[in-house]
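The values are calculated or read from the model by the stated rules, or taken from the named source; none is laboratory data. On a predicted model such as this, the values are computed, not experimentally measured, just so you know. Methodologically, a virtual Cβ is constructed for each residue, glycine included, from the backbone with ideal geometry; neighbour enumeration extends over all protein chains shown. Heads up: the accessible areas ignore ligands, DNA and RNA and are worked out on the full protein's heavy atoms, side chains in. Shrake-Rupley method; radii C 1.70, N 1.55, O 1.52, S 1.80 Å.
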Amino acid sequence: MGYNRQIVPDYKPQTVEKKWQDRWRDSRAFEVTEDHAKPKFYCLEMFAYPSGHAHVGHVRNYMIGDVVARMKRMRGFNVLHPFGWDAFGLPAENAAIKNGTHPETWTLENIAHMKGQLQRIGISYAWEREIATCLPDYYHWNQWVFLKMLERDLAYRKSSRVNWCPSCNTVLANEQVVDGKCWRCGTVVTTRELEQWFFRITRYADELLEAAEQLTEWPDKVLTMQRNWIGRSEGARVKFALTADLDSIDVFTTRIDTIYGANFILLAPEHPLVQAWSEQAGGEALRGNMQRFQAQDRTGRMTGDIEKEGFDTGRTAINPFTGQPVPIWVANFVLGEYGTGAVMGVPAHDQRDFEFARKYDLPVTVVVQGPGPDAKADAEAMSEAYDGPGTMIASGEFTGLPASEAIARMSEAAEARGIGERTVQYRLKDWGISRQRYWGTPIPVIYCEKCGMVPVPSDSLPVLLPKVQEFSGRGDSPLAQIDEFVNTTCPECGGPARRETDTMDTFVDSSWYFYRFCDPKNADLPFDPDTVGYWGPVDFYSGGVEHAILHLIYSRFFARVFRDLGMTHLSEPFTRLLTQGMVLKDGQVMSKSKGNVVDPDDMIQKFGADALRLYVMFVAPPEKEIEWSDAGLEGSWRFLARVWRLVDHLAESIGGQGIPAPGELDLDDGERALRRKTHDTIRRVTLDLDPRVHLNTAVSGLMELVNELYAFCGRNDSLRVGQAADTPATAGTVVRASTLAVLKESIEALVRMISPFTPHLAEELWEMLGHPGGIVEAGWPSFSEDVAKADELIVPVQINGKVRARLTVAAGTADDQLRAAALADPQIVKHLEGKTVNKIVVVGGRLVSIVVK
RNA sequence: GCCGGGGUGGCGGAACUGGCAGACGCUCGGGACUUAAAAUCCCGUGGCCGUAAGGCCGUGCGGGUUCGAUUCCCGCCCCCGGCACCA
């Protein structure tokens, strides 16, 4: 099986594709400007990390977006379809450490190669808007936004325990820790105490959560993931007074109704009181346990289960509802970062507390009695905690209430007594953006001995990334080693000062690039508000689901920041989101390290870009993963050759002007059938592309039409195509004018509809058909509903007023025949058994009503 | 455990609002063409029975609603993805 065989010598994709790619480039075919006369459409695929070579898994995404963009152009939209490079980041730096190439050289070379790949696939990008985040005219505006956020207290600096990847030698945001491992390299993450910059994303937690409801064109999966990530829970904060001193402990609980069963207090090892007590006289044992728990915490969480352990602090607090003293323990499973770092232990109604109580022989008080015969009120007999609904018992004045109601009543009581309040807790944390790496945006602040932290004045931006020549891979920020960069003067007092040497997380770059594309050359602002006002929001956004929380939540956050800066009116940046599936080879994700990548250039050489595009779009719905198959690609190639052959064969007969539209002609049955199929296909393919994005079924619809055209031609000796007896439809052969008219309509619709998938081939065929203008000017074919459904009618059949069946009949069926058909229908016969038919009424040929006794 | 998605031929997958299950493609088989092969064109390809016409079964399992269920409802089983000691 050789791939380069030429079945049809005339279809030479490589020649055709080169020709049209050159024309598109020379005519700047995909460059756009704001045009208020047309509806706008912003089509965007997640920009690329320039890793070196794009494989088909990457380019699938660009193909999906390109089909949408090209289809929208044909439908009369002013389409913005840009591309760029997420060009900062660690791999460039690692490459520098490994083989001494400067990150910038490495990155720019990769960009050049990958850009060529995308152009050879024929993706219709407005390349004049190309951006690369590693260039100063882009990261300048990262710094600008940072300063704006600093002004608004959306950026702040604090010392905290942060995630640390020992392999990447840098801090990671919570979102970048996946199963306790680094999202990029998979190394187990540790923690460090560091001064870091944070973005206050938590200020928008509630809004991000609530607005998710309005994202009706996002996949449920992504919205669910974001909801889980934000992790809102409603509850109450309750104060437990200490018996020994005037201090108190705040706990957070979602089950204040169980507070009469709170038999102990549990503190996180990180809780400040634990720290304080361990430093007091006699605190040695506490200190030892505290440190032990802190050390085991993270690894334990990664494996999923660590032994629940605790240590009695020897102190007590007063349960504010029972008035009874309860012991205070330190517990390894209580998290310092969540809630108040302290919880009330209710062993009867919380499984963790139950296990803890059993282990350390603490009392268990049941306060909620479940319904039914196996209601558990006997603490001794319990084998597990009961966390279901029920009725309050042993709960003072609240006894007898349903637990659900007790939550509200007891919260009110706590508020009234000033010992608690209703609160909402989020799992979402502020976004730590400092990275101890070189290849990123310098954080524009200066530390002055006299003035403290001073922002770089915005007229001094950008703070340029200096050219570091040596990359050691050591653990400190590379910028810290460059004296000329570090040492500066304070913008306020002019005294000696030091620059911040950390760089920004590269996710900052990707959080707003979609706005920059609207106005990529703006030298005064990140973008002009009016321009984004025209193009924004992104109407169609596609990319991998792996960004469901990282990039997509950060972008929603940044959209709100820009909105609150008065730069846009948009809260949500992406109206519609499509998460495309991965491309697998041999059941595994393609990756360079696994050695199972398919390079699009190899496939283009064998079958052409159009066949590659068509195959990838056809083999599965865009959201699903696909298993790469050479045979499948060859099948797509075969289909295109078939289309070529068909058009080539008929071009002379149906090309150019002079053939009338078939609507005015007298058609025979076969012609009418083909015409119906054509219009039905236009209807189906149109809907499959817009608003659905069912690209695979759109392609199959086109294949059906081609099969139908072959069958149609096969029935006519003068038109037969692709067979031994194949002869061109030459002059002198008698072909009905109506046949040619129908064929012309059908084939032109086919060529137009296939063009988003196989743009080069379609343009070539369109030219062969004698059209001087391009296919975009020709526009999308329109269909006639009447033609599409010409002779199909579904007639409801009522029996005594109720619809009991539907008959499918030919349009124009006579009333008598309708009656007969109804009486012959097995479903209706069933209903008429043992009954007498009084009369059968036919209403307008579209409803049959049978009256029976 | 909680949340989301799904389960259809040898395979990838179709089936719109409840209306002929398996479109389209891959694979495989047959025919035409050819000295031959490839390519091309045509036909067949869920299972079982039947020479055939045709019949029966069939969308994870068990029920239900309906003239009619892959589709709607109830109860299970399994798979994929996310979150998870979050109080």
Looking at the range A:624-637 only, could you name the residues that are touching a residue at least 24 places away in the same chain (Cβ under 8 Å) and over 15 Å from A:Val583 (Cβ atoms)?
A:Glu634, A:Trp637
From the residues in the range A:445-457 that are among the hydrophobic types (A, V, I, L, M, F, W, C) and open to solvent by 30 Å² or more (accessible area, probe 1.4 Å), which one is farthest from A:Arg152 (Cα to Cα)?
A:Cys451
For A:Gly494, which of the numbered conditions (1) on the phi < 0 side of the Ramachandran plot; (2) open to solvent by 10 Å² or more (accessible area, probe 1.4 Å) fails to hold?
(1)
So A:Gly400 passes all but one of these: (1) surrounded by 18 or more Cβ atoms within 10 Å (Cβ to Cβ); (2) over 22 Å from A:Val343 (Cα atoms); (3) away from RNA strand B (no atom under 16 Å from the Cβ). Which condition number does it fail?
(1)
Matching option when the condition is open to solvent by less than 20 Å² (accessible area, probe 1.4 Å) and not small (Gly, Ala, Ser), among A:Val32, A:Val79:
A:Val79
Restricting to the range A:133-145, what's the tally of residues that are open to solvent by 10 Å² or more (accessible area, probe 1.4 Å) and aliphatic (A, V, I, L, M)?
1
Apart from one, (1) open to solvent by less than 70 Å² (accessible area, probe 1.4 Å); (2) of a type in the set (Ser, Thr, Tyr); (3) at pLDDT below 95 all hold for A:Thr216; the odd one out is (1)
Picking from A:Ala281, A:Ala241, which residue would you name as being outside any loop (DSSP other than H, G, I, E, B) and away from RNA strand B (no atom under 12 Å from the Cβ)?
A:Ala241
Checking A:Ala821 against (1) in contact with a helix residue (DSSP H, G or I) (Cβ under 8 Å, 6 or more places away or on another chain); (2) at pLDDT below 95; (3) part of a helix (DSSP H, G or I); (4) surrounded by 15 or more Cβ atoms within 10 Å (Cβ to Cβ), the condition it does not meet
(1)
State yes or no: is A:Ser395 of a type in the set (Ser, Thr, Tyr), open to solvent by less than 20 Å² (accessible area, probe 1.4 Å) and within 14 Å of RNA strand B (Cβ to nearest atom)?
no
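Condition check ((1) modelled with pLDDT under 95; (2) surrounded by fewer than 22 Cβ atoms within 10 Å (Cβ to Cβ)) across all residues:
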{"site": "A:Ala408", "(1), (2)": "yes, yes"}
{"site": "A:Ala413", "(1), (2)": "no, yes"}
{"site": "A:Arg427", "(1), (2)": "yes, yes"}
{"site": "A:Ser434", "(1), (2)": "yes, no"}
{"site": "A:Arg437", "(1), (2)": "yes, no"}
{"site": "A:Ile443", "(1), (2)": "no, no"}
{"site": "A:Leu464", "(1), (2)": "no, yes"}
{"site": "A:Glu470", "(1), (2)": "yes, yes"}
{"site": "A:Ala480", "(1), (2)": "yes, yes"}
Picked from the range A:677-719 (must be in a loop (DSSP other than H, G, I, E, B) and closer than 20 Å to A:Pro662 by Cα), the residue farthest from RNA strand B (Cβ to nearest atom) is A:Ser718
Taking the range A:18-46 and keeping only residues that are hydroxyl-bearing (Ser, Thr, Tyr) and over 23 Å from A:Gly533 (Cβ atoms), one is left with A:Ser27
List the number of the failed condition for A:Asp153; all other conditions in (1) at pLDDT 85 or above; (2) in a strand (DSSP E or B); (3) not hydrophobic (A, V, I, L, M, F, W, C) hold.
(2)
Do you know which residues across the range A:492-543 are charged (D, E, K, R) and under 30 Å from A:Leu194 (Cα atoms)?
A:Glu492, A:Arg498, A:Arg499, A:Glu500, A:Asp502, A:Asp505, A:Asp509
Is it the case that A:Gly845 is in contact with an Asp or Glu (Cβ under 7 Å, 6 or more places away or on another chain), surrounded by 12 or more Cβ atoms within 10 Å (Cβ to Cβ) and at pLDDT 70 or above?
no
List every residue pair whose Cβ atoms sit under 9 Å apart, with the two residues 6 or more apart in sequence or on different chains, where the first one lies in the range A:84-101 and is more than 20 Å from A:Ser511 (Cβ to Cβ) and the second, anywhere, is open to solvent by less than 10 Å² (accessible area, probe 1.4 Å) and of a type in the set (Ser, Thr, Tyr).
A:Glu93/A:Tyr438; A:Ala95/A:Thr107; A:Ala96/A:Tyr438
In this structure, does A:Asp179 turn out to be within 24 Å of the chain's Cα centre (by Cα), acidic (Asp, Glu) and open to solvent by 10 Å² or more (accessible area, probe 1.4 Å)?
yes
Tell me which residues, restricted to the range A:322-376, are more than 7 Å from RNA strand B (Cβ to nearest atom), open to solvent by less than 20 Å² (accessible area, probe 1.4 Å), over 21 Å from A:Ser395 (Cβ atoms) and outside any strand (DSSP E or B).
A:Phe356
Return yes or no: is A:Lys221 within 14 Å of RNA strand B (Cβ to nearest atom), surrounded by fewer than 13 Cβ atoms within 10 Å (Cβ to Cβ) and not polar (S, T, N, Q)?
yes
Mind checking which residues of the range A:115-147 are aromatic (Phe, Trp, Tyr) and within 30 Å of A:Ser27 (Cα to Cα)?
A:Tyr125, A:Trp127, A:Tyr138
Residues that are surrounded by fewer than 22 Cβ atoms within 10 Å (Cβ to Cβ), out of contact with any strand residue (DSSP E or B) (no Cβ under 8 Å at 6 or more places or on another chain) and in a loop (DSSP other than H, G, I, E, B): does the range A:106-118 have at least one?
no
For the range A:601-615, state whether one or more residues are β-branched (Val, Ile, Thr), over 25 Å from A:Ala711 (Cβ atoms) and over 20 Å from the mean Cα position of the chain (by Cα).
yes
Within the range A:283-305, the count of residues that are more than 18 Å from A:Pro272 (Cβ to Cβ), surrounded by 13 or more Cβ atoms within 10 Å (Cβ to Cβ) and modelled with pLDDT of 90 or more comes to 1
Among the residues of the range A:181-225, which ones are of a type outside the set (S, T, N, Q) and in a loop (DSSP other than H, G, I, E, B)?
A:Trp183, A:Arg184, A:Cys185, A:Gly186, A:Val189, A:Arg200, A:Leu215, A:Glu217, A:Trp218, A:Pro219
For the range A:511-527, name all the residues that are out of contact with any strand residue (DSSP E or B) (no Cβ under 7 Å at 6 or more places or on another chain) and either open to solvent by 10 Å² or more (accessible area, probe 1.4 Å) or acidic (Asp, Glu) (or both).
A:Asp519, A:Lys521, A:Asn522, A:Ala523, A:Asp524, A:Leu525
Among the residues of the range A:560-609, which ones are surrounded by fewer than 17 Cβ atoms within 10 Å (Cβ to Cβ), farther than 15 Å from A:His55 by Cβ and without any contact (Cβ under 8 Å) to a residue 40 or more places away in the chain?
A:Arg563, A:Gly566, A:His569
